[in-house]
Amino acid sequence: MANLCNFLFMPLRLLPRPLHDNGLALILNRVFSEQLADGELDFLQGRIVRIEIADVPLHYAVRLEGRRFVAASAGNRADVVLGGDLHTFLLLASQREDADTLFFQRRLRMQGDTATGLHLKNFIDAQGELALPATLRTALARFVDLYDARCATQRTVSQLTS
C-alpha cells in the first residue's frame, strides 16, 4: 500500500517549484474569487503564506497582491506557515473537517504572525460550501476516499508500530 501512496504523489515531486506555487495561486484565485473581490482576504495583503505538507513532502508559498494570489519568491520569509500531513489538508479542502477541529487535534499547525494566522483560521472556518465546479468537487471527494482507503489507514498503522 505504501508504494501506491508514494506513486500517487511522485508526479507532484517532479514538478518545478514555480509550477507548484503558481498552480496553488490559480486554484485559490478561482475558489475564493468572490471573497477576493469583496476584500475579505485583504488582511493577507503583501503577506506570504506557506503551506507545508510534511508527509509528501511538498510546500507552497503564495502572497496576496492587490486582489489576487500570486506565487511568492522561494527566498522570501513566510509571514504565516500552515503545516500538516496530506490527509489533514485533504480533509480541510474537501470540508470533511473544519479548521478548528484540525487545530485542536494538533493535526493542522500554524507558525508565524499570530494575528494574521488567527484571522486566516477564522476566515477558513467561516467559509460555507466552496464555489468549486461539480466535477472538481466530485474528483476531490473520490481522491479523498481513495486516500482514506489506501494511504491514511496504512500510514496510521505504520505510525502505531514505530
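Listed values, structure above:
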item: For Leu12: the one exception among (1) assigned to a helix (DSSP H, G or I); (2) in contact (Cβ under 8 Å) with a residue 40 or more places away in the chain; (3) buried (at least 16 other Cβ atoms within 10 Å of the Cβ); (4) hydrophobic (A, V, I, L, M, F, W, C); result: (3)
item: Lone qualifier among Ala54, Ala115, Ala78 - being at pLDDT 85 or above, of a type in the set (Gly, Ala, Ser) and crowded, with 17+ Cβ neighbours inside 10 Å; result: Ala78
item: Hits in region 109-136 (condition: farther than 19 Å from Ala61 by Cβ, in contact (Cβ under 8 Å) with a residue 24 or more places away in the chain and assigned to a helix (DSSP H, G or I)); result: Asp125
item: Any hit, region 21-29, residues being aliphatic (A, V, I, L, M), over 19 Å from Leu136 (Cα atoms) and out of contact with any His (no Cβ under 8 Å at 6 or more places or on another chain); result: no
item: Selection status of Glu52, within 21 Å of Tyr147 (Cα to Cα) and either free of Cβ contacts under 8 Å to residues at least 12 places away in the same chain or not polar (S, T, N, Q) (or both); result: yes
item: Residue within region 86-96 that is in a strand (DSSP E or B), among the hydrophobic types (A, V, I, L, M, F, W, C) and buried (at least 19 other Cβ atoms within 10 Å of the Cβ) present; result: no
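The values are calculated or read from the model by the stated rules, or taken from the named source; none is laboratory data. The structure presented is a predicted model; accordingly, all values stated were derived computationally and were not measured. Note that each Cβ is placed from the backbone with ideal geometry, even for glycine, and that neighbours are counted across all protein chains shown.
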